[in-house]
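Just so it is clear, none of the values below were taken in a lab; they were calculated from the coordinates. The structure presented is a predicted model; accordingly, all values stated were derived computationally and were not measured. We place every Cβ from the backbone using ideal geometry, glycine too, and count neighbours over all the protein chains shown.
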Amino acid sequence: MSEPLKYRRILLKLSGEALMGDEDYGIDPKVIGRLADEILEVRKAGVEIGVVIGGGNIFRGAGLAAAGMDRVTGDHMGMLATVMNALAMQDAIEKRGGFARVMSALPIHDVAEDFIRRRAIRHIEKGRIVLFAAGIGNPFFTTDSAAALRAVEVSADLLLKATKVDGIYTADPAKHADATRYDHLTYDQVIERKLAVMDTAAIALCRDHRLPMVIYDMTVPGNLMRVMRGESIGTTVGTH
C-alpha cells in the first residue's frame, strides 16, 4: 500500500536557470526530462499540479534593464521567455504520456491558452498539469510573485520553490562555509532577515493567505515526492 500524501494540490515554481543544467544558456534536455518525470510521478500519485517556470535561462528583464534597456521592454521579453520554457515542459510531459496545458497571462492564442482562473482550476481538477506562463502579464513583477499569485488563485495547499540549494541559509552557502540551514521560518522572519529566497511581495502574499512554502533542492532525484509525503526536506516557511 502506498504512503499517504500530505498535499492535494501544489504549485511548483522552477527557475529558468534550473533548466540549463550544465549548459551556459537555454534548456538541457536531460534536466527538463528528469523534472517532467518527477512531476508526472507526483501527478500519478494523485497530487494536482500547477507549475510556474522562470525565464532566466533565456532573458531576465531586470538584467536587461540594468544594461540600459527600457525596463518594461525587458520584462516583456522575460515573459516571452517563460512561455518558451513552459512550451518545452509541456512537450516533455506529453512525450511521457502526461497531459499538460500552457496558460499565458499574455494573449498568444496560437501557442497557449489565455489564463482564466476558472478554466485553470478545471484543467487541474481533470488531472492536467497546468503550466502558467508570462508571469502575471505585467512588468515589474517577478515569476516568484506570479507563482504565489497563481497558487492562491487555484487554492493550492503548498507553494514549492525548486532551487539548486537544499533550503534557506543564514548566508550564501557557496560563499560562506559557516552558513547554516533553517529547517523552518515564519514569513515575517524571511522578510525581516532579508533572506533573498523569494521577493518580498511573494512572501507577503503567501503570509496573507496562510499558504505554506517549501524551498528544496531539485537536483536530488525524488525530492519532490519526498516533500509530498511530508518528509522534512529543505526549509518550510509558514505561520509559526
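At a glance:
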read-out: Residues of type lysines that residue 164 reaches as a straight line, Cα spacing below 27 Å, ignoring anything fewer than 8 places off in the same chain; value: 6, 13, 30, 44, 95, 175, 194
read-out: HN-Hα J in Hz across the range 12-18 - Karplus 6.51, -1.76, 1.60, θ = phi - 60°, x for Gly and Pro; value: 9, 9, 10, 7, x, 4, 4
read-out: Filtered GluC sites (Glu not before Pro), the range 1-57: DSSP coil and at most 14 other beta carbons within 10 Å; value: 23
read-out: Under 5 Å, built H, 5+ apart or other chain: amide partners of residue 168; value: 182, 235
read-out: Overall dimensions of the range 9-238 as given by Cα atoms, namely Rg and Dmax in Å; value: 16.6, 51
read-out: For the range 128-240, the Rg and Dmax computed from alpha carbons only, in angstrom; value: 14.0, 43
read-out: Charged-residue dipole, Cβ positions (Lys, Arg, Asp, Glu), the chain about Cα centre, Debye nearest 20; value: 740
read-out: Choice from 98, 26, 68 showing the highest fluctuation, given a GNM over the chain with Cα pairs closer than 10 Å; value: 68
read-out: Stokes-Einstein D in µm²/s, Kirkwood radius over Cα pairs - the range 59-193 at 25 °C with 0.890 mPa s viscosity; value: 145
read-out: In Hz, Karplus ³J(HN,Hα) per residue of the range 43-53 (6.51, -1.76, 1.60; θ = phi - 60°; x = Gly, Pro); value: 4, 5, 7, x, 7, 8, 9, x, 9, 10, 10
read-out: Residue exposure sequence - 89, 103, 20 - by fewest surrounding Cβ within 10 Å; value: 20, 103, 89
read-out: Cα-only Debye scattering, the range 1-144: base-10 log of I(q)/I(0) at q = 0.15, 0.17, 0.19, 0.22 Å⁻¹; value: -0.73, -0.92, -1.11, -1.37
read-out: Pairwise FRET efficiency - residue 164 versus residue 37, Cβ, R0 = 22 Å, nearest 0.05; value: 0.75
read-out: Helix-derived mean residue ellipticity, 222 nm - over the chain, DSSP H n ≥ 4, -39500 (n - 2.57), to 500; value: -11000 deg cm²/dmol
read-out: Cleavage-rule hits (trypsin sites (Lys or Arg not before Pro)) in the range 1-97: DSSP loop, at most 16 neighbouring Cβ within 10 angstrom; value: 6, 8, 96
read-out: Share, in percent, of DSSP beta bridges within the range 50-186 that are antiparallel, nearest 5; value: 15
read-out: Centre separation in Å (Cα based) which lies between the range 9-78 and the range 214-236; value: 18
read-out: Hz values of 3J(HN,Hα) by residue in the range 164-177 - Karplus curve (6.51, -1.76, 1.60), Gly and Pro given as x; value: 9, 10, 8, x, 9, 10, 5, 7, 5, x, 6, 10, 10, 5
read-out: Within the chain, percent of DSSP bridges classed antiparallel, to nearest 5; value: 15
read-out: Value of Rg to Rh for the range 119-191 (Rh from inverse mean 1/r over Cα pairs, i.e. Kirkwood); value: 1.06
read-out: Calculated log₁₀ intensity ratio I(q)/I(0) where the Debye formula runs over C-alpha points of the range 191-240, q = 0.24, 0.29, 0.32 Å⁻¹; value: -0.96, -1.13, -1.21
